[in-house]
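Working notes, structure below.
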Amino acid sequence: MPEVKAPEIAVVSPATLARVGCVAATEPAELEEILAEARHAQGLWEREPFATRSALLRRVAHEIVADDVALARLIVDETGKPLAEAYTHDLLVAVEELMWLANRLESVLAQKRLPFPQLVLKQKRGWVSHEPVGVVGVISPWNFPLGLPLTQVATAVAAGNAVVLKPSELTPLTGARIEALFRRAGAPAGLVRVVHGHGESVGAALVGHRQIDALVFTGSTEVGRIVGRRAGERLCPATLELGGKDPMLVLDDADLDRAVAGALWGSFANCGQVCSGIERIYVHRSLHDAFVERFVDGARRLRIGDGRDPGIELGPLISEEQRDRVEALVGDAIAHGAELLTGGTRPSTGLPGWFHEPTILSGEPASARLRDEELFGPVVTVVSIDNDMSAVRLANDSRFALGASIWTRDVARGRELARQVRAGSVWLNDHLYSFGAGQAPWGGRGASGVGRTHGRQGLESLSHVKFTDSDRGWIAPGWWYPYSDRVVDGFRGVLGGLHADGPTARLKALSAHRRGLAHLVRKALS
Ligand code: NAD
């Protein structure tokens, strides 16, 4: 019988449409083997000391640095993003996270003593420890094909888990490199494995598989809802990092040059295909016209083209389907009354890829699709606001709540507004940068997701937090049997003596219930 080959997933450059390479989709039987290997590897890995985990993560970081040119080139080929962004959004983000984890994992995960200040629990010795969850399934999108999955894989490994990663079917080659990086760094066989395939087949199989103990899903809100529901059915913990529609609030005292430069980068980096990309700008009316003039001018000057050229600042959208979607959203906004300030068409780059001009719209009509849908492209709306409160109200008027930025020269004012903005991260006079800092927690609220990756919170979310108590058994707890009116009287004394309002009331309670308290002491020492 002829050998039946697994279906192939081909990758094309979204800039040139040239074939970049291909991978074989993972077959169901192969997935079973991979999961069994991961389970075995995890059992051994969790016994390794923290220093061994740290050393592995450092070696992975060094492998990335040693192979930076090839890795960055592959990322550009698969996504079309500018070369500079392959470094800043992917390689540096990954290495920073690896190094943070390597340096800090022990201090976060090591067992810690839990003190018992309560008088009636003085004999207890409590400890809090973190145990690995087991085998973690990581399902990733394509927009940061190294930076995003690698930080999550590394966090899982740091916490003592094995990982099975399913990268996006649009960027499987970079995904495959993640397994290779860990292998070259000396990771035990089976500890980090990559499976390939479409979301509805291999992705869904991971989500539903009983050998997956926890999930980290990053992707659209629509798919996140499906994943969360399926994971919930089998009570599998799932971190969901979903879509965003970040607002930028430009206050009347903002540094205009900085705000315009920040708006250009925050809206158009990665061709706007950033979960935490700026999609809505609210500018104080006193700065609005000058801001718009410079912003439009800056957008027109961005160099669009083949990301392999280091001077290119804007690449293509990831797929034809995504470009069609962005064009439809822009058309719909204009039809509903938004004014097109620049862009809105396909630029002439001489390349066949899925390019779209950086596009700025004035106004966000209530009935337009983009009021509620994530754009995920090089398109942003600008709206004039009268005061800080209306900026906050508009910023919070979205089902998404991932990131937000406030631009002001008055840091105290900015921090006060930050408190009122509904988001997982709020930045002052900058946007998004903390995704690249290992210590900063990352995640959103509402339609932007559930849970946190990165930092201490990321490590804890891929651990079982366990409380362990040790008691020498010398004192019998007063709350054990037998019960009697003396016992009740004693506990009234404990309650009032410790927690009544003020010293007089506490003394009164101790005196009123002294017989019961004496009974509890005798009971404890008996
Ligand atoms: P997507 O939801 O289409 O796919 C994400 C991943 O899920 C892919 O690997 C896909 O194969 C898989 N998948 C699809 N259907 C599945 C299913 N039924 N079961 C299991 N897995 C399934 O998203 P995308 O287009 O790859 O990425 C873009 C989205 O990701 C945007 O909405 C963006 O905002 C979001 N994103 C969020 C963050 C964040 O940190 N919050 C970061 C990057 C991207």
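The values are calculated or read from the model by the stated rules, or taken from the named source; none is laboratory data. Because the structure is a prediction, the values reported are computed rather than measured. Here the Cβ positions follow ideal geometry from the backbone for every residue, glycine too, while neighbour counts run over all protein chains shown. Ligands, DNA and RNA are excluded from the accessible area calculation, which covers all protein heavy atoms including side chains. Shrake-Rupley method; radii C 1.70, N 1.55, O 1.52, S 1.80 Å.
Normalising the average separation of contacting C-alpha pairs (under 8 angstrom, six or more residues apart) by the number of residues puts the relative contact order of the chain at 17 percent. For the Cα trace of region 176-296, dividing Rg by the Kirkwood Rh returns an Rg/Rh value of 1.17.
The reciprocal of the average 1/r between distinct C-alpha atoms defines the Kirkwood hydrodynamic radius, which for region 1-149 equals 19.3 Å.
Per residue, the convex hull spanned by the Cα atoms of region 226-375 measures out at 152 cubic angstrom. The convex hull built on the alpha-carbon positions of region 49-128 has an orientation-averaged projected area of 7.6 nm². Report note on the peptides 119-127, 196-204: ranked by the mean count of other C-beta atoms within 10 Å, highest first, their order is 196-204, 119-127.
Region 353-424 gives an Rg/Rh value of 1.00, both radii derived from C-alpha positions and Rh following Kirkwood. Report the Cα centroid-to-centroid distance between region 317-387 and region 194-213 in angstrom, as an integer. Between the Cα centre of region 317-387 and that of region 194-213, the gap is 34 Å.
Taking the Kirkwood radius as Rh and the Cα radius of gyration as Rg, region 321-370 has a ratio of Rg/Rh equal to 1.01. Spin-label pair S511-Y483: with each label point 7 Å from Cα along the Cα-Cβ axis, the two points sit 3.0 nm from one another. By DSSP, the beta bridges lying fully in the chain are antiparallel in about 40 percent of cases.
By DSSP, the beta bridges lying fully in region 103-175 are antiparallel in about 40 percent of cases. The alpha carbons of region 14-80 give a radius of gyration and a Dmax of 17.3, 48 Å, in that order. Across all directions, the average flat footprint of the convex hull enclosing the Cα atoms of region 318-467 is 12.2 nm². Placing unit charges on the Cβ atoms only, positive for Lys and Arg and negative for Asp and Glu, gives region 129-193 a dipole magnitude near 180 debye about its Cα centre.
One way to sum up the overall shape of the chain is the equivalent ellipsoid from its Cα gyration tensor, whose semi-axes run 48, 33, 19 Å, largest first. Annotation: extensible slack from A66 through D253 equals 62.8 nm (criterion: 0.36 nm per residue apart, minus Cα-Cα distance).
When the trypsin sites (Lys or Arg not before Pro) in region 191-289 are filtered for DSSP coil states and for at most 10 other beta-carbon atoms within 10 Å of their beta-carbon, the remaining sites are R210.
Taking the inverse of the mean reciprocal distance over all distinct Cα pairs, the Kirkwood hydrodynamic radius of region 130-201 comes to 12.1 Å. Between region 26-75 and region 455-521, the alpha-carbon centres lie 47 Å apart. Grouping the Cα pair distances of region 397-471 into 10 Å bins from zero gives a pair-distance distribution of 18, 39, 28, 9, 5, 1 percent in increasing distance order.
Here the accessible area of the chain is 55 percent carbon and sulfur, with a 1.4 angstrom probe and all protein chains present. Looking at the chain, the accessible area is 44 square angstrom per residue; that uses a 1.4 Å probe and ignores ligands, DNA and RNA. Its relative contact order, with pairs defined as Cα atoms under 8 Å and 6+ residues apart, puts region 390-493 at 21 percent.
The length gained on full extension between E200 and M99, counted as 0.36 nm times the residue separation minus their Cα-Cα distance, comes to 32.9 nm. Taken over region 257-298, the convex hull of the Cα atoms encloses 65 Å³ per residue.
Helical content alone sets the calculated 222 nm signal of the chain at -13000 deg cm²/dmol, taking -39,500 (n - 2.57) per DSSP H segment of four or more residues and averaging over every residue. When +1 charges are put on Lys and Arg Cβ atoms and -1 charges on Asp and Glu Cβ atoms, the dipole computed for the chain relative to its Cα centre reaches about 3220 debye.
Among the helices of the chain, those built from whole DSSP H runs whose Cα atoms reach 20 Å or more along their own axis and whose mean Kyte-Doolittle hydropathy is at least -1.0 are 28-45, 50-66, 92-109, 285-301, 320-335, 485-499.
For region 99-254, the Kirkwood estimate of the hydrodynamic radius, built from every pair of different alpha carbons, is 17.6 Å. For region 426-526, a Kirkwood hydrodynamic radius built from all Cα pairs, placed in the Stokes-Einstein relation at 20 °C and 1.002 mPa s, yields a translational diffusion coefficient of 116 µm²/s.
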